[in-house]
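Here the structure is laid out as structure tokens; the discussion comes afterwards.
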Amino acid sequence: MSRISVLGLGAMGAALAATLIRKGHSVTVWNRTAARAEPLASAGATIAATPAEAVAASDLTILCVVDYAAAGAVVAEAQDALRGRDLVNLTNGTPREAKKLAAWAEEKGAAYLDGGIMAIPPMIGEAGALILYSGTDALFERHKPSLDALAESRYLGDDTGLAALYDLALLSGMYGLFSGFLHAGALVASSGRRVGDFLPLLLPWIEAMSGTLPDLADKIDNGLHDRSVVSSLAMQAIALENIAKASTEQGVAPDFIEPMLRLAARRIAEGHGSGDISGVIEVIRRKK
Ligand code: FVH
């Protein structure tokens, strides 16, 4: 069992600390608002008075605060204690922010690993929780048994920004799903029907359409958007236009749908209407 410190005890930090305590680790905690540490002290954690005291107490420090501005402020308070320590940062942010913090921590003599949590707090320590890591591989190997107590641990390589990038890419998929669901729900509700009653139709449909993603990914990876097209972009753009038109008729704002319609129209205007919808990616990833 390891000595582990957790800096930041919001919903996620508290779940991480509680899980580590439950799994038998010796846990030291610190939070800006000290009262949030008290339930963890009752569960067996030691409360540190400062971030530096917390870092000095353990072999491994896990940082999980609201954003990188907060993360920077917390580690700055601990900078004199960082030499020779291992720091794992699970705060959500961008690849650039992760690399900047890694460089700073390494300059202070700490080994740094960045992480992206693909779980909500009640999932921590349970099956289905995943944490992506990138950065110092030796740190990952040293602490993998402890990190595995929190979630399945997936190491993506030594490019420190990759965990943040994959985290945000996975969240993009999730928010795409949520936007589609909210728009579908608004259309259904505009007819006076219950959204819950619509789910038995929606869920299998989403599952069936997820089955087209490997083909789209292959087209993207190989730049072959015109190969074996089943549903052309031109045809799909008409469906998108109909969704926007029906939304307005039904008193639903087309705000979720219009960006996709605009991007499809741009791709068609560039002469790719007979290609697949995968080609829309070329509109957004083009360097201006
Ligand atoms: N909760 C979730 O569902 C998601 C799941 C996926 C991963 N995220 C990320 O985890 C990070 C922490 O999120 P959280 O849920 O713990 O967030 P809060 O409950 O809002 O707690 C915020 C903590 O940050 C501390 N904090 C804020 N500003 C500062 C600052 N300037 N200096 C020091 N600490 C700061 C705050 O402290 P306090 O307000 O209690 O004093 C909390 O400990 C986040 O990156 C998610 O994207 C969670």
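Every read-out reported here was derived from the displayed coordinates using simple, explicitly stated rules and does not represent laboratory data. Worth saying up front: this structure is predicted, and the values here are computed from it rather than measured. Cβ sites come from the backbone with ideal geometry, for glycine too, and all protein chains shown count toward neighbours.
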Rounded to 0.05, the calculated FRET efficiency for the beta carbons of Ala239 and Ala11 at R₀ = 35 Å is 0.35
Rounded to the nearest 500, the 222 nm mean residue ellipticity computed for the chain from DSSP H runs (n ≥ 4, each -39500 (n - 2.57)) alone is -16000 deg cm²/dmol
Measuring from its Cα centre, region 72-166 shows a charge dipole (+1 at each Lys and Arg Cβ, -1 at each Asp and Glu Cβ) which, in debye to the nearest 20, is 120
Given the candidates Leu263, Val280, Ser228, the one whose Cα lies deepest towards the positive end of the charge dipole of region 166-285, counting +1 at each Lys or Arg C-beta and -1 at each Asp or Glu C-beta, is Leu263
So the angle from the long Cα axis of helix 68-77 to the longest Cα principal axis of the chain, reported in degrees to the nearest 10, equals 10
Distance in nm between Lys100 and Leu177 label points, each 7 Å along Cα→Cβ, equals 3.1
The base-10 log of I(q)/I(0) that the Debye equation returns for region 1-132 at q = 0.18, 0.21, 0.22 Å⁻¹, one scatterer per C-alpha, is -0.93, -1.28, -1.40
With Cα springs under 10 Å, the Gaussian network model of the chain assigns the largest mean-square fluctuation among Leu150, Leu177, Leu101 to Leu177
Residues meeting the amide H criterion for Gly125 (H placed from the backbone, H to H distance under 5 Å, 5 or more places apart or on another chain) are Ala151
Quick P(r) readout (region 190-272; Cα-Cα; 5 Å bins; whole %) gives 3, 12, 15, 20, 23, 14, 8, 5, 1, 0
Given a Förster distance of 35 Å, the FRET efficiency implied by the Cβ-Cβ spacing of Arg286 and Arg193, rounded to the nearest 0.05, works out to 0.30
Shape descriptor, the chain: equivalent ellipsoid semi-axes (Cα gyration tensor, sqrt 5λ, whole Å, largest first) stand at 44, 23, 16
Stretched fully, the stretch from Ala169 through Met209 gains (0.36 nm per residue minus C-alpha distance, one decimal, in nm) 12.5 nm
Connecting every pair of Cα atoms under 10 Å apart in the chain and solving the GNM, the largest mean-square fluctuation among Asp167, Asp221, Asp276 falls on Asp221
Given Cβ charges of +1 for Lys and Arg and -1 for Asp and Glu, the option among His25, Ser190, Ser172 whose Cα lies farthest towards the positive end of the dipole of the chain is Ser190
Expected sort for Trp30, Trp104 with the fewest Cβ neighbours (10 Å cutoff) up front is Trp104, Trp30
Which of Gly275, Gly24, Gly180 fluctuates most in a GNM of the chain (C-alpha springs under 10 Å)? That residue is Gly275
Computed over the chain: longest principal axis from alpha-carbon atoms vs helix 162-190 long axis, angle to nearest 10 degrees, is 50
Taking r as the C-beta separation of Glu270 and Leu201 and R0 as 22 Å, the FRET efficiency to the nearest 0.05 is 0.05
The size of the Cβ-based charge dipole (Lys, Arg +1; Asp, Glu -1) of region 3-160 about the Cα centre, to the nearest 20 debye, is 240
If each part is reduced to its alpha-carbon centroid, region 126-178 and region 236-288 end up apart, in Å, by 33
With +1 at each Lys and Arg Cβ and -1 at each Asp and Glu Cβ, the charge dipole magnitude of region 174-242 around its Cα centre, to the nearest 20 debye, comes out at 260
Among Gly211, Leu150, Gly8, the residue whose Cα sits farthest towards the positive end of the charge dipole of the chain, when +1 is placed on the Cβ of each Lys and Arg and -1 on the Cβ of each Asp and Glu, is Gly8
Tilt, helix 233-249 to longest principal axis of the chain (alpha-carbon atoms), in degrees rounded to tens, equals 90
In nm, the gap between the two label points placed 7 Å beyond Cα toward Cβ at Ala246 and Ala49 is 6.6
With label points set 7 Å from each Cα along the Cα-to-Cβ direction at Asp226 and Glu152, the distance between them in nm comes to 4.0
